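Peer 1: Have a look at this one.
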Amino acid sequence: MVIEKLSLTCDRLLSHRQLACCHSYCGVPLHGKDMLIYSNMDTEQKPLLLTGHHGEISAMTFGKQSRPVLLCSASADYIIVWDIELCQKRTHAGRVAAGTVIGTLLGEVVHLSFCFSDERVAACSGATVYVLSSKRHEVISTLTCHLGPLTSAEFCPWDKDILVTASEDRTFNVWDLETEAVCYQSFVLSASPLISVFLSEQNRHIITGSTDGQLWCFSLPDDHKCQLVTKMDLQKMEKRHQTHQGTVTEQSGFAEQSAVDNVEISKPVLRMALCISFTDTSSEHTKDNSWLCIGSTDGLYVVDLATSELLTALNFKDYPNLSVTMAGSWSISPGEDNSMLFFVSSLFTPCVVLLELRPWDLRRTWASGEGFSVFPSSPPLLESPLNAELKKKEPEHPKKKGGIKEQPLVFHSQVKSSGYSSLSRNIMFSPKTNSQKNPSSQKAKKNKGSLLRDYPADSAAPTISHIHLSISNKPVHCLQYSGDGKQILCGLADSSVLLYKNSLAGNPTVYTGHDKLVSSVSWSLNRQWWLSASEDQSLRIWTHGSPEPAIIMGDSMFSKPIRGAQFYYLDKFLLLASGPSLYLYLYNVDTTRDNIKRYHQRSVVKLTSCFTTTSATNITTFSAVNDFFSYIVLVCGSDRCLQVFDMNKGTVVSTLPDAHSRAVHCITQNKGSMFSTQAPDSYNLFLTSAVTDGVKMWDLRTLRLVLM
């Protein structure tokens with residue numbers, strides 16, 4: 001997966017020097033004052049020697065353009081820009097290669113960066129950044145604002161007059177080069193210095209990294225008022241990635257490991273760059289610019305910016321054939337044939353290597369993994385809890401004693417009077433000749449036809465609010481549409497449930513009976529019943545037209561409040577969560593009542609199975625599909641984990657720790673609709689949300705974060 005194309009032994013340690021690498025060349029200092037430029041295409045070719053500095057070279061970088069290939073090098077005396085192809089021609093002609101001096105005596109330069117047109121160069125020296133012309137000896141701007149030494153500076157790819165700098169004072173600044181003023185100055189982000197900065201043109205984000213492995217992603221709008229988008233930690237992301245891959249071994253297995261493996265290594269963000277990958281869709285290559293390559297001390301990390309999740313970690317210890325075991329500096333550039341090139345200096349030895357990585361190999365590796373699906377691939381097992389059945393008791397009619405009783409002379413229960421006792425009719429029958437059809441029936445029929453029409457796939461999501469209804473002073477804790485979209489259930493904090501029509505017109509039907517707020521409401525698939533669960537540790541199933549519930553589940557059946565409840569497996573089961581347990585009940589709704597014993601409930605409820613989360617954490621929310629057969633139940637716990645239950649086996653088949661930075665309070669699946677048809681793969685997507693952590697989209701097939 002990682003190929004070492006070139007390995008060089010230097011005459012001195014280059015662990016913290018900025019090295020240069022582009023798609024065609026890579027450069028390294030020689031004897032401190034000179035440089036050797038190697039070809040990435042033919043590493044056996046004789047390198048180009050560049051001389052001209054009198055001081056020790058401290059930073060090097062290549063330009064952004066492919067032609068001409070420019071190289072900028074800096075020492076304490078000079079900053080020189082070299083045209084590589086022109087220098088090669090002069091060398092072949094027997095002359096000495098020469099460059100253009102663009103700056104003199106600017107101090108020790110630790111970082112160089114070209115703008116995207118290669119017309120300007122930013123040089124960081126101390127607490128000052130100098131903006132220089134790349135064509136002549138001219139200092140365009142001198143910017144000083146930071147309280148500590150600068151570590152990095154990058155030009156904005158979509159605005160040529162914007163420059164972003166990072167410093168050891170743990171802040172970054174956004175500069176307007178026209179006015180030479182600070183547009184935005186960040187707050188102190190970390191206890192560790194910021195050492196790298198990167199600007200993503202796709203999302204217009206600023207990403208900065210520190211020496212302790214922290215990354216912050218800020219938005220950069222046109223008004224330059226940056227907002228924090230997300231924060232990432234390489235250490236935590238790697239642990240979460242290892243847990244997901246199943247590479248975390250038991251504690252007993254660490255006894256045989258060496259002491260080096262037990263040492264926790266810091267992961268400074270030394271360098272960042274986009275990893276350009278290609279997705280093969282219908283034999284066409286589509287560029288994906290959402291991958292970020294992060295070079296650190298112990299290896300390379302590939303992060304998906306769309307999800308802020310670690311895709312892979314390529315540690316040096318996993319590649320013993322490489323000449324580098326610990327990195328001191330990185331230079332990253334796109335290579336040939338959709339590859340990525342990494343020019344890495346060793347931290348403790350005078351050695352530099354040129355590595356090549358093909359992102360397409362990573363995609364094939366991830367695609368080979370097996371995940372889960374909401375659609376069952378086989379019938380239920382014989383011992384599956386889903387095979388449980390409720391034995392319905394047939395009504396027992398008492399046997400009548402004696403012989404033949406008196407029987408009615410008609411075959412129906414009511415006998416119509418013959419009319420002999422009524423007054424005689426004076427008005428004969430007259431037909432209605434000018435009758436009009438009822439327009440309301442036609443309108444209802446028309447509306448019914450339009451209600452079942454497919455939802456237009458090319459239509460955008462609704463964004464305009466058409467109806468605003470203030471129900472009461474109590475907040476609405478839950479609501480759900482019926483399957484046909486004609487009715488809406490609302491569970492309130494005043495322990496009542498309201499049943500509205502979809503137009504929200506008229507007075508709703510009010511159902512009362514709970515003692516505390518209603519935490520969950522759910523329609524049955526046939527829309528004949530619906531349930532409500534409450535914080536009073538009770539669940540009630542209601543039927544249309546009856547103010548009394550058909551089933552009441554309470555009386556200390558649950559030790560903790562019910563966090564969620566719904567119908568499951570095509571209305572066969574009741575599925576509810578209380579504490580760390582997930583309960584599966586069989587039920588039978590019987591609405592008939594004895595007028596004498598009205599308190600007697602003829603409906604039957606039977607516990608089939610009780611499942612407990614692996615960490616015995618309290619369940620905050622869960623989701624399952626009722627519209628079709630599915631074995632999968634997604635459960636979120638108070639320890640921020642996400643667990644996948646297989647109800648066919650009755651076990652937890654997968655656990656995702658730290659799904660959010662806080663406990664998930666809402667989860668929903670794509671459960672389908674009678675108004676639209678969707679691709680089968682879309683049903684494997686689900687959403688989770690947590691306070692202050694936004695909304696995340698997951699793919700059940702790979703158990704990976706898709707979008708955030």
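Peer 1: For segment 583-597, how many residues meet the condition of being in contact with a Ser or Thr (Cβ under 9 Å, 6 or more places away or on another chain) and either part of a loop (DSSP other than H, G, I, E, B) or farther than 13 Å from P385 by Cα (or both)?
Peer 2: 5
Peer 1: Let me ask another. If you check every pair at least six apart or on different chains, which have Cβ atoms under 7 Å apart with a residue in segment 199-214 that is in a loop (DSSP other than H, G, I, E, B) first and a residue that is of a type in the set (D, E, K, R) second?
Peer 2: As it stands, the answer is G213/D233; G213/K267, since those pairs meet every condition given.
Peer 1: Still on this structure, please answer the following. Take segment 681-708 and flag every residue that is of a type in the set (K, R) and either in contact with a Cys (Cβ under 8 Å, 6 or more places away or on another chain) or at pLDDT below 90 (or both).
Peer 2: Matches in segment 681-708: R701, R704.
Peer 1: Mind listing whichever residues of segment 632-651 are among the hydrophobic types (A, V, I, L, M, F, W, C) and in contact (Cβ under 8 Å) with a residue 40 or more places away in the chain?
Peer 2: I632, V633, L634, V635, C636, L642, V644, F645, M647
Peer 1: Okay, moving on. Just give me the residues in segment 68-126 being within 25 Å of C156 (Cα to Cα), surrounded by fewer than 16 Cβ atoms within 10 Å (Cβ to Cβ) and in contact with a helix residue (DSSP H, G or I) (Cβ under 8 Å, 6 or more places away or on another chain), in sequence order.
Peer 2: Listed by number, the list holds a single entry, P68.
Peer 1: Being under 14 Å from F372 (Cα atoms), of a type in the set (K, R) and either without any contact (Cβ under 8 Å) to a residue 60 or more places away in the chain or outside the structural domain of K239 (by TED's automatic domain parsing) (or both) is true for just one of R662, R701. Which residue is that?
Peer 2: R701
Peer 1: If I ask for residues that are in a loop (DSSP other than H, G, I, E, B) and under 39 Å from the mean Cα position of the chain (by Cα), which ones from segment 106-125 would you list?
Peer 2: C115, F116, S117, D118, E119, listed by residue number.
Peer 1: Quick check on segment 136-151. Is at least one of its residues under 18 Å from I207 (Cβ atoms), in a strand (DSSP E or B), assigned by TED's automatic domain parsing to the domain that holds K64 and of a type in the set (G, A, S)?
Peer 2: no
Peer 1: Need pairs with beta-carbon distance below 8 Å; first residue free of Cβ contacts under 8 Å to residues at least 24 places away in the same chain and within segment 113-136, second among the hydroxyl-bearing types (S, T, Y) and assigned to a strand (DSSP E or B); sequence gap 6+ or separate chains.
Peer 2: E119/S133; T128/T142; T128/T144
Peer 1: Kindly indicate the residue of segment 605-651 that is of a type in the set (A, V, I, L, M) and within 18 Å of S524 (Cα to Cα) and also surrounded by the fewest Cβ atoms within 10 Å (Cβ to Cβ) among those meeting that condition.
Peer 2: V605
Peer 1: If a residue must be farther than 19 Å from L386 by Cβ and assigned to a loop (DSSP other than H, G, I, E, B), how many such residues does segment 645-683 contain?
Peer 2: Counting residues in segment 645-683 that are farther than 19 Å from L386 by Cβ and assigned to a loop (DSSP other than H, G, I, E, B) gives 14.
Peer 1: So, one more: So, D627, is that one free of Cβ contacts under 8 Å to residues at least 12 places away in the same chain, of a type outside the set (S, T, Y) and assigned to a loop (DSSP other than H, G, I, E, B) or not?
Peer 2: no
Peer 1: For segment 521-561, which strands (runs of 3 or more DSSP E) that fit wholly inside it have 3 or more residues that are buried (at least 16 other Cβ atoms within 10 Å of the Cβ) and within 33 Å of the chain's Cα centre (by Cα)?
Peer 2: Strands (runs of 3 or more DSSP E) meeting the threshold: 529-534.
Peer 1: Please return the ranges of strands (runs of 3 or more DSSP E) entirely within segment 406-514 where 2 or more residues are of a type in the set (S, T, Y), at pLDDT 60 or above and out of contact with any helix residue (DSSP H, G or I) (no Cβ under 7 Å at 6 or more places or on another chain).
Peer 2: Per the criteria, 509-511.
The values are calculated or read from the model by the stated rules, or taken from the named source; none is laboratory data. Bear in mind that the values here come from a model prediction, so they are computed numbers and not experimental data. Heads up, the Cβs are rebuilt from the backbone with ideal geometry, glycines too, and the neighbour counts pull from every protein chain shown.
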